[in-house]
Structures are given as C-alpha cells and as structure tokens.
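Data block below; observations after.
The values are calculated or read from the model by the stated rules, or taken from the named source; none is laboratory data. If you're wondering where the values come from, they're calculated on a predicted model, not measured in any experiment. Because the Cβ atoms are built from the backbone with ideal geometry, glycine has one as well, and the counts that use them run over all protein chains shown.
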Ligand SMILES: [Zn+2]
C-alpha cells in the first residue's frame, strides 16, 4: 500500500527526527554533519523577523540555509507600483541574505493576491524539494495575514507529500498582532546573534523596521516584535530568544483515512 510504504521510508529516513539542539550543537572535535535548511516566509523580512537569530546560529554551525520568499512584498511600498516594489524588495532580500550567510529563493507569488491551487501547490513543492531540505521552518498557520497562512499551508502540504522526509518547525511573527495561540515547543537563545539579526532586518529599508539609531522603530514596538524576542528570552532565562513549534504527528499525511 502506497501510504504504508511512504511511512516506512519516512521512518527509515530519520531526517524528521532532527532537533534544533542537534543542529546547533557545536562539537570540539567532530565535524558537524552539514544539513540543508529552508525558511519559508510570506514576504521579504518574515524569515528574518521570525528566525533571523537562529538562522545566523545555524549558518555558523556549518549548515546551509535558504530563505524561500513566497511573495515579493509587492504591496509593501505605498508610493510604488507592484513591479517597482517587488524589484526594490528583492534587492533588499539579497542584502539581508548576504548578512545572514543564506541563499534567497523567490516563489514569485503576488503579495496580497497569493493563491493556493493544485498547480501552485505543485510548483511550490518542486521549488522546495529542489533544495533537498533536512529541516524546514515556516509561518505558524494561525496568523492574521493571508500570505502567511497560505505559505504555511503550502509548506505543510509539501511536508506531507514528501512523506515527512524533513523536520518541520513553525516560527512566530509579532505574536498577538500577527501570530496567534503560539505555544512554543522549542527555544533558541539568540542573545549573541540578535544584533546581527537587526542588521539583516535593516536591509529591508523600505519597511521601516530598524531606525537610523539601529533600534526597532516605534511601528515594530506597536507590532510586538521586540517584546516577543524579549519575552521568549525571559521564558528561556536568557536575554533574547526565538521560539518555535515543532510539528509532530508521524501518521499525518502518510496513512489513508480508514473508510
Ligand atoms: Zn509578512
């Protein structure tokens, strides 16, 4: 039975068991086994906001990270056309990725007009699978922005279609304003990388995330981003942290529903 075979393959593959602790573990004598990690975001700046500090730690631990931007943030600059805004924001992504040591990948859906269809699902999956990821991070689906929701749904579908051959984590953005009901299973101490994360966020100059003083802007305080990093840090007992929900449910998408 196809679904049964898929489960066995997944169970033997073992990649679904990769934990953040393992990925971030530095060993003094053993070389790190290089893993491929993809971070999916609805717009330019989302992967950086939700996981920028962790991305920096993963890259410095020797892993390869790709930021997969679902839309180009086409609606994100008030006085620019969709095309102009997309071009500016793609350039900002390249600059942010350079700081993070990550590779950008553009899905090229349109901000605010994103769709989930069978053909878009197939296109998204192909792009994601081409990366041969061991671990994928995506938006938490309970989010106030449709682009975030759809990016999350497409990632979950890709995870199930790939028989869970990669570990799946959800990240939060501006919890209480965009992400809702986010109860983390995993925390990463980003106290040492938070400053560089902010430099990567500053590359998204069109979005007014970081001010000229190098701090989060009042808009970001209103959205709750700094409070989120601070609060997750307090929960972990460090200065700043990022938090994640690890997907579990091994049978999900791999067994046929009994009739
Ligand atoms: Zn967004």
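Would you confirm whether or not the range 102-110 contains a residue that is assigned to a helix (DSSP H, G or I) and in contact (Cβ under 8 Å) with a residue 40 or more places away in the chain?
Narrowing the range 102-110 to residues assigned to a helix (DSSP H, G or I): none.
Looking for residues that are assigned to a helix (DSSP H, G or I) and in contact (Cβ under 8 Å) with a residue 40 or more places away in the chain, one finds none in the range 102-110, hence no.
Between 62, 53, 73, which is more than 12 Å from the ligand (Cβ to nearest atom), assigned to a loop (DSSP other than H, G, I, E, B) and either modelled with pLDDT under 95 or surrounded by 24 or more Cβ atoms within 10 Å (Cβ to Cβ) (or both)? Give the steps one after another, and end with the answer.
Numbers: 53 fails: assigned to a loop (DSSP other than H, G, I, E, B); 73 fails: more than 12 Å from the ligand (Cβ to nearest atom).
So the residue among 62, 53, 73 that is more than 12 Å from the ligand (Cβ to nearest atom), assigned to a loop (DSSP other than H, G, I, E, B) and either modelled with pLDDT under 95 or surrounded by 24 or more Cβ atoms within 10 Å (Cβ to Cβ) (or both) is 62.
Scoring residue 197 on the criteria (1) outside any helix (DSSP H, G or I); (2) under 27 Å from residue 76 (Cα atoms) leaves a single failure, condition (1). The set of residues from the range 178-196 being surrounded by fewer than 16 Cβ atoms within 10 Å (Cβ to Cβ) and within 16 Å of the ligand (Cβ to nearest atom) comprises just one member, 180.
Filtering the range 159-181 to residues that are within 19 Å of residue 43 (Cβ to Cβ), under 15 Å from the mean Cα position of the chain (by Cα) and not in a strand (DSSP E or B) leaves 172, 173, 174, 175, 178.
The residues of the range 181-210 that are farther than 18 Å from residue 55 by Cβ and free of Cβ contacts under 8 Å to residues at least 40 places away in the same chain, listed by number, are 181, 208.
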